[in-house]
Amino acid sequence: MNGKVFLCCNKDTFFLHEKACYAIVKVIYERQGAVFVTNRERAMNILHYKDADRLPAVHFGYWGELLVEWAQQGKIPAHLADRNYDGNEKDRELDKLIGWDFNWSCTAGAHMGLKPGFEHKEIEVLADGSRRVQNGDGLIERIKPGATSIPSEDDYLLKDREAFETLYKPKMQFSPDRVNTEYFSTFNETRDQSRPIGLNLGSVLGSIRNMTSVVGMSYLMYDEDEDLFADIIDTFADMQYKCVEAVLQTGAKFDFAHYWEDICFKNGPLLSPEIFDELCAKHYKKRNDLCRQYGIDVISLDCDGVTEKLLPTWFNNGVNTMFPIEIGVWGDQFEPARQKYGKGMLGVGGMDKTALRKDKAAVDKEIERLKRLACMGGFIPCPDHRLMPGTKFELVQYYADEIKKIRI
């Protein structure tokens, strides 16, 4: 590219401490007149429609059961299957083993949830061995023996105005100790410079849905106290805005900002798009405007399911990056969104992860589809959610290697 030499660090290159590796190699190659390309630069260039030497191999973590499965098969060391979380040392060690460049879901931020959370306690053991357990959000879950899926929602505490005012509202208040200012005061010097790191923006509605259950949220929207649902959203959002503001005021710099929501399923949103826009749009705008004041212009949002009907609220109020763009049974969602919203709609994800349970032919077919999307610009392929049990280790290695061969 214009006679310049690009250095690409991958799993086979360096096994020094990552920050030391970055600093040492950067100096060496810059002295030789080379252009040092990190995965951070590569990814952010793509999302800003700038030149990049290739696509990065990006992932979004694993089901814990899959890591246990791979360990039992002898594919990975057993210690990598235990307490492996997004972006931690074990996750990065597994990146090197597989060939991933980085995990997109690496963010830092404040304590954005209930503070303090509710006591985790067992309420009842049923005849079939299922346990009714109260979690930290005050939700009563039914946990079935041997089940690995998300527990069913049995009951909830946030049912009325009294429960909100006495049990929840005090836990939704901002306090300075929600932000680790000591950590963020040195963040720019100590963070990993080689990969993008996002600012956690919390959740406008998804976390509230976790407190109320889907059924409870549905009732609250039409409660006889017509202002209650709005008051819950406003109170929670105000605290989260102050958390984001406090983090940014420390001077910490981020490559992108990121929401978690999960308020859609395979047939669409879990609530009326009109109600969602009326109650939530202003909070996205306020938070996103703040991010842009601090120079953050890539704002992504994680929502599973079919998101089409909620995209107008997100996009019109500052969210510009879809993630992880689940394929599911409904197919590609990114290309229709790009056609509707133009180049302002960015994407990370959209790779049908079920291909990684099949064979090389299925993976190759998926890569060809992703290559076409990547050539549109502003799009980074990534498995459309955490890799599930049955995923073949060798196919994941193959995919990571092949995606890095794509030049755009």
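The values are calculated or read from the model by the stated rules, or taken from the named source; none is laboratory data. Quick caveat, the model's predicted, so the values are computed rather than measured. Neighbour counts are summed over all protein chains in view; Cβ atoms, including those assigned to glycine, are modelled from backbone coordinates with ideal geometry. The accessibility values were calculated without ligands, DNA or RNA, using every heavy atom of the protein model including side chains. Shrake-Rupley method; radii C 1.70, N 1.55, O 1.52, S 1.80 Å.
What is the spin-label model distance, in nm, from residue 376 to residue 124 if the labels are put 7 Å beyond Cα along the C-beta direction? Between residue 376 and residue 124, the simple spin-label model gives 4.9 nm. Using equal-weight Cα scatterers in the Debye expression, the normalised intensity of the range 39-105 in log10 at q = 0.14, 0.28 Å⁻¹ is -0.46, -1.22.
Over 29 Å apart at the Cα level, from the set 144/309; 285/309; 144/360, are 144/309; 144/360. Here the simple spin-label model places points 7 Å from the Cα toward Cβ, and for residue 368 and residue 226 these points are separated by 5.7 nm. For the residue pairs 286/404; 171/242; 171/282; 340/371, alpha carbon separations beyond 26 Å are given by 286/404. If I compute solvent accessible area with a 1.4 Å probe over the protein chains, what percent of it on the chain is carbon and sulfur? Ligands and nucleic acids excluded, carbon and sulfur give 50 percent. Solvent exposure of residue 124, expressed as accessible area, is near 80 Å², computed with a probe of 1.4 Å over the protein chains only. Counting only residues at least eight positions apart within a chain, or on another chain, the aspartates and glutamates with an alpha carbon under 18 Å from that of residue 90 are 12, 18, 65, 69, 82, 101, 192.
For the chain, the longest principal axis of the Cα atoms and the long axis of helix 228-248 meet at an angle of about 40 degrees.
A Förster radius of 30 Å combined with the Cβ-Cβ distance from residue 72 to residue 131 puts the calculated FRET efficiency at roughly 0.70. Projected onto planes of every orientation and averaged, the convex hull of the alpha-carbon atoms in the range 166-246 covers 6.8 nm².
Shown is the FRET efficiency for residue 285 and residue 88, computed with R0 = 45 Å from the Cβ-Cβ distance and rounded to the nearest 0.05: 0.85.
On the basis of the beta-carbon distance and an R0 of 41 Å, residue 65 and residue 173 show a calculated FRET efficiency of 0.65.
Across the range 234-303, what fraction of all alpha-carbon pairs, as a whole percent, falls in each successive 10 Å bin from zero upward? Over the range 234-303, the share of Cα pairs per 10 Å bin runs 17, 48, 27, 7, 0 percent. Extending 7 Å from Cα along the Cβ direction at residue 147 and again at residue 115 yields two label points whose distance is 3.3 nm.
The candidates 282, 75, arranged from most to least accessible area with a 1.4 Å probe in the full protein assembly, appear as 282, 75.
Based on the alpha carbons, how large is the Rg to Rh ratio for the chain when Rh follows Kirkwood? For the chain, the value is 0.97. The residues of the chain expose, per residue, 46 Å² of accessible area to a 1.4 Å probe. Could you let me know the centre-to-centre spacing of the range 334-351 and the range 255-317, using Cα atoms, in angstrom? Using only Cα atoms to place each centre, the spacing works out to 14 Å. Ranking 48, 385 from most to least accessible surface, computed with a 1.4 Å probe over the protein chains only, gives 48, 385. Rolling a 1.4 Å probe over the protein heavy atoms leaves residue 150 with an accessible area of roughly 150 Å². Within the range 179-206, which residues have the backbone N less than 20 Å from the label spot 7 Å out from residue 262 along Cα→beta-carbon, could you tell me? Taking a point 7 Å out along Cα→Cβ of residue 262, the residues of the range 179-206 whose backbone N falls under 20 Å are 198-206.
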